[in-house]
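The values are calculated or read from the model by the stated rules, or taken from the named source; none is laboratory data. Note that the coordinates shown come from a computational prediction; the quantities given were computed from them, not determined experimentally. Positions of Cβ are generated from backbone atoms using ideal geometry, with glycine treated the same way; all protein chains shown enter the neighbour counts.
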Amino acid sequence: MSILAINGGKAEYNASDWNSSNKATLWPVYTSEDENAILEVLRNRQMSGSEITKKFEKAYAEYVGAKHVLGYCSGTASLHAAMWACGVGAGDEVIAPSLTYWATCAAAISLGAAVNFADIDPVTLCIDPKDIEHRIGPRTKAIIVVHYLGHPADMDEIMAIARKHNVKVIEDASHSHACLYKGTMTGTIGDIAGQSMMTGKSFALGEAGVIITNNRDLYERCISYGHYERTGVANNFNSSERFITDPELIHFAGVPIGGRKDRMNQWCSALGLVQLKYFPERVAKIEEAMQYLCDEMDKLPGLCTHRPAKGSGTTKGAWYSSACHYNPEELDGLSLDKFIAAMVAENLPVGPLGNFPLHLHPVFNEADVFFQGKPTALAFGQRDVRQGKGALPVAEAARSRVFRFSRFVSLEYKNEIDRFVATIKKVIDNRGELLK
Ligand SMILES: Cc1ncc(COP(=O)(O)O)c(C=O)c1O
């Protein structure tokens, strides 16, 4: 029986096997067409402005099937604007899943609101619809949903709760490019979505993001918040009845209400136009490769990959940050930490979850953003919705039950995929060594 690398045996891979020359896992895919599009922006000295961005917004709106897309300098900025557009202000509350990246909800604090964190569903790892309704109070303005690691959240249940209580739904679609929920593109189901397009994301443009919405009013609010050169033009973007007839808002033309300059830079927009052309075909290849890989991984004891049921119309799109549920009870109690350490010693591209439960983070509990001598979460008359350790057990346990692994981009690399699975199997088969 082979000796595990963690115990002095030979590692199955070299660390350099996963660098940018490995086409099996290389993502994003950029070609000379992407390079030329960026160079053209540079040569034409068009880095600022929004002409190319407007073209990208139109193309992306068509791709996702939404009426409006607005480009942002980051996903963080897009989510901030989406919250403000939904009316989140001082003294309000939003509901968000505890296990996510901070940008899903941290802007609530800078708007003077509090975050009422909900637990996650143990299977989807997205906000648990059963943990939402009892959290809604008179000041709740929005439920923020993250399609975590590309697994769509249970939108039917969430939308039903939101509509019943007249609360807006903001999708954080930063992990869910190309992911479908029952056949509909994530990011187009709630009232508005914010989405990151930074380098690590499935649709990767550098530092960029978008809002997506079918609601003209929310779109225009986002423009007025941080897209100064587009604000206040009644016959252009602010064409809805209210904005045309509200002299106050036209009066604000040229100065963003949010005091922000949030637009996407045009290098990113030019890159986005090229990326979008090839995205659907690349996503289809990823889907085929990842379904095969997950089928093989699911044959191993203790592992159950994080993916929607096949044939449900719900998909993981471009498979951002693939994940696997880990059941130590099926592996003689081997802890996930030890299992990951042994896989990493073999130089497998795997790792622990990158996020931690936000309800325990001091920014959401103690930070005094407005220098008022009290935590912002309470400073504007909110109920105290802060929660301590033990309050959201599924989110708190996730790091000991789930690990992440690499995305393979095509079934062309089936041999590489088989070797990857065989190496995981080597660790599982030799777990006795790790338990000593
Ligand atoms: C779930 C989630 N929301 C929001 C963001 C913020 O996006 P950005 O980094 O583009 O600001 C990220 C990642 O960066 C994220 O993973």
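Here the condition is being without any contact (Cβ under 8 Å) to a residue 60 or more places away in the chain, within 16 Å of the ligand (Cβ to nearest atom) and of a type in the set (A, V, I, L, M, F, W, C); of 136, 120, 143, 109, it holds for 143 alone. Residues that are in contact with a Gly (Cβ under 9 Å, 6 or more places away or on another chain) and either basic (Lys, Arg) or in a helix (DSSP H, G or I) (or both) within the range 391-430 comprise 396, 404, 428, listed in sequence order. Quick one: in the range 226-254, which of the residues that are under 28 Å from residue 279 (Cβ atoms) and more than 14 Å from the ligand (Cβ to nearest atom) is modelled with the highest pLDDT? Among residues in the range 226-254 that are under 28 Å from residue 279 (Cβ atoms) and more than 14 Å from the ligand (Cβ to nearest atom), the one modelled with the highest pLDDT is 227.
Kindly provide the set of residues from the range 92-106 that are closer than 18 Å to residue 189 by Cβ, within 12 Å of the ligand (Cβ to nearest atom) and in contact with a helix residue (DSSP H, G or I) (Cβ under 6 Å, 6 or more places away or on another chain), ordered by number. Reasoning before the result, please.
Going through the range 92-106, the residues closer than 18 Å to residue 189 by Cβ turn out to be 94-97, 100, 104.
Subset that is within 12 Å of the ligand (Cβ to nearest atom): 96-97, 100, 104.
Scanning the range 92-106 gives a single hit, 96.
Restricting the search to the range 326-355, which residues are closer than 27 Å to residue 116 by Cα and buried (at least 18 other Cβ atoms within 10 Å of the Cβ)? Spell out how you get there, then give the answer.
First pass over the range 326-355, keeping only residues closer than 27 Å to residue 116 by Cα: 352-355.
Result: 353, 355.
This table checks each residue for (1) farther than 25 Å from residue 259 by Cα; (2) assigned by TED's automatic domain parsing to the domain that holds residue 322; (3) not in a strand (DSSP E or B).
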residue: 153; (1), (2), (3): yes, no, yes
residue: 194; (1), (2), (3): no, no, no
residue: 200; (1), (2), (3): yes, no, yes
residue: 211; (1), (2), (3): no, no, no
residue: 217; (1), (2), (3): no, no, yes
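Say whether the condition of being crowded, with 23+ Cβ neighbours inside 10 Å, away from the ligand (no atom under 13 Å from the Cβ), of a type in the set (Val, Ile, Thr) and modelled with pLDDT of 95 or more is met by at least one residue in the range 211-222. Taking every residue of the range 211-222 in turn, at least one turns out to be crowded, with 23+ Cβ neighbours inside 10 Å, away from the ligand (no atom under 13 Å from the Cβ), of a type in the set (Val, Ile, Thr) and modelled with pLDDT of 95 or more.
Looking only at the range 339-390, count every residue that is assigned to a loop (DSSP other than H, G, I, E, B), within 16 Å of the ligand (Cβ to nearest atom) and out of contact with any helix residue (DSSP H, G or I) (no Cβ under 6 Å at 6 or more places or on another chain) and tell me the total. Before the answer, list the steps.
Going through the range 339-390, the residues assigned to a loop (DSSP other than H, G, I, E, B) turn out to be 346-349, 353-356, 361, 366-375, 380-390.
Those still in the list that are within 16 Å of the ligand (Cβ to nearest atom) too: 353-356, 361.
Going one step further and asking which of them are out of contact with any helix residue (DSSP H, G or I) (no Cβ under 6 Å at 6 or more places or on another chain), we end up with 354-356, 361.
Qualifying residue count, the range 339-390: 4.
When residue 120 is tested against (1) of a type in the set (Val, Ile, Thr); (2) within 23 Å of residue 53 (Cβ to Cβ); (3) surrounded by 24 or more Cβ atoms within 10 Å (Cβ to Cβ), exactly one condition is not met: (2).
Exactly one residue among 64, 41 is more than 23 Å from residue 283 (Cβ to Cβ) and either in contact with a Cys (Cβ under 8 Å, 6 or more places away or on another chain) or surrounded by 16 or more Cβ atoms within 10 Å (Cβ to Cβ) (or both), and that residue is 41. Counting only residues that are within 21 Å of the chain's Cα centre (by Cα) and either under 21 Å from residue 186 (Cα atoms) or within 16 Å of the ligand (Cβ to nearest atom) (or both), the range 23-58 holds 4 of them.
Return the residue satisfying two criteria in turn: it lies in the range 177-208 and is under 11 Å from the mean Cα position of the chain (by Cα) and of a type in the set (Gly, Ala, Ser), and of such residues it is surrounded by the most Cβ atoms within 10 Å (Cβ to Cβ). Filtering first and then ranking leaves 194. Is it the case, given these coordinates, that residue 157 is surrounded by fewer than 24 Cβ atoms within 10 Å (Cβ to Cβ), within 11 Å of the ligand (Cβ to nearest atom), over 11 Å from the mean Cα position of the chain (by Cα) and not assigned by TED's automatic domain parsing to the domain that holds residue 306? Considered against the rule, which asks whether it is surrounded by fewer than 24 Cβ atoms within 10 Å (Cβ to Cβ), within 11 Å of the ligand (Cβ to nearest atom), over 11 Å from the mean Cα position of the chain (by Cα) and not assigned by TED's automatic domain parsing to the domain that holds residue 306, residue 157 comes out as no. Counting residues in the range 389-399 that are farther than 29 Å from residue 89 by Cα and charged (D, E, K, R) gives one or more. Among the residues of the range 15-40, which ones are of a type outside the set (Asp, Glu), touching a residue at least 60 places away in the same chain (Cβ under 8 Å) and outside any loop (DSSP other than H, G, I, E, B)? Listed by number, the residues that qualify are 15, 18, 37, 38.
Total residues in the range 302-326 satisfying the condition of being part of a loop (DSSP other than H, G, I, E, B) and touching a residue at least 40 places away in the same chain (Cβ under 8 Å): the figure is 15.
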